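First up is the structure itself, then whatever we jot down about it.
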Amino acid sequence: MDHSPGTVTRRLRPLLLAVHEALSAGVTVSAAIHARHGWSPTADRHLDHQLVRREAMERLRPWGAGPDELSDPLQARQLDLDTGTDNLGLPMSGLILRTPTDVLRVWRSDDGELPAAATDGLRAFYRQDPSRQLQLALDPSGPRAAAGHLALLWADSGGVLTRFDLVRPCGHVGRRVQVDWHVDLRDRLGRPAA
């Protein structure tokens, strides 16, 4: 499977647009709640991030619906929100979205860096071959290719998204994450699909 930036962006475009819209709505909700109460978002960043995540999760729920309920039939049964009924996924700003071809972890990142490879789960998520590595298909009936691991990094300021980057990790050295590629999607998603 091709894991190059252009191919991945085209393949996930409807989902990436939905996540961008959901996060933007979450930023708006958080800003409105803070303004209504006279709170400063910087006084409690965890609350701000959690409000954004909560609204985004609600807006992304339809992507986990059955084919008859889905707004984009091309994505039918392709999105599995990694949540249960009592837990809406990862804490604070994180979400995990799974498709048959990719696992997308959504994190808030002011500096555009991936979280340090500090846990077994993150180290396993970061561990994958670079996309530019040549792979020979000696046995076409062999095991199915593993899902690509991707991170979608976002940040906001003044009620708007200021970062929306798609990153493909390819391992780690100690706690430091190695990056296969890193793409700023803000301009790419504004253009029609090629």
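The values are calculated or read from the model by the stated rules, or taken from the named source; none is laboratory data. What you see is a predicted model, and the numbers here were worked out from it, not measured in a lab. FYI the Cβ positions are ideal-geometry reconstructions off the backbone, even for glycines, and counts take in every protein chain you see. Quick note on the areas: whole protein, heavy atoms, side chains included, nothing else; ligands and nucleic acids left out. Shrake-Rupley method; radii C 1.70, N 1.55, O 1.52, S 1.80 Å.
Out of curiosity, is Gly6 over 21 Å from Ile96 (Cα atoms) and within 19 Å of the chain's Cα centre (by Cα)? In short, yes. The one condition from (1) modelled with pLDDT of 90 or more; (2) open to solvent by 20 Å² or more (accessible area, probe 1.4 Å); (3) more than 30 Å from His172 (Cβ to Cβ); (4) not in a loop (DSSP other than H, G, I, E, B) that Glu58 does not meet is (1). Taken over the stretch 180-190, the criterion of being within 19 Å of His3 (Cβ to Cβ) and open to solvent by 70 Å² or more (accessible area, probe 1.4 Å) is satisfied by His182, Arg188. Consider the stretch 121-156 and keep the residues that are modelled with pLDDT of 90 or more and more than 17 Å from Arg105 (Cβ to Cβ). The one that is least open to solvent (accessible area, probe 1.4 Å) is Asp156.
Scanning the stretch 35-49 for residues that are small (Gly, Ala, Ser) and either surrounded by 13 or more Cβ atoms within 10 Å (Cβ to Cβ) or farther than 16 Å from Ser157 by Cβ (or both) yields one hit, Gly38.
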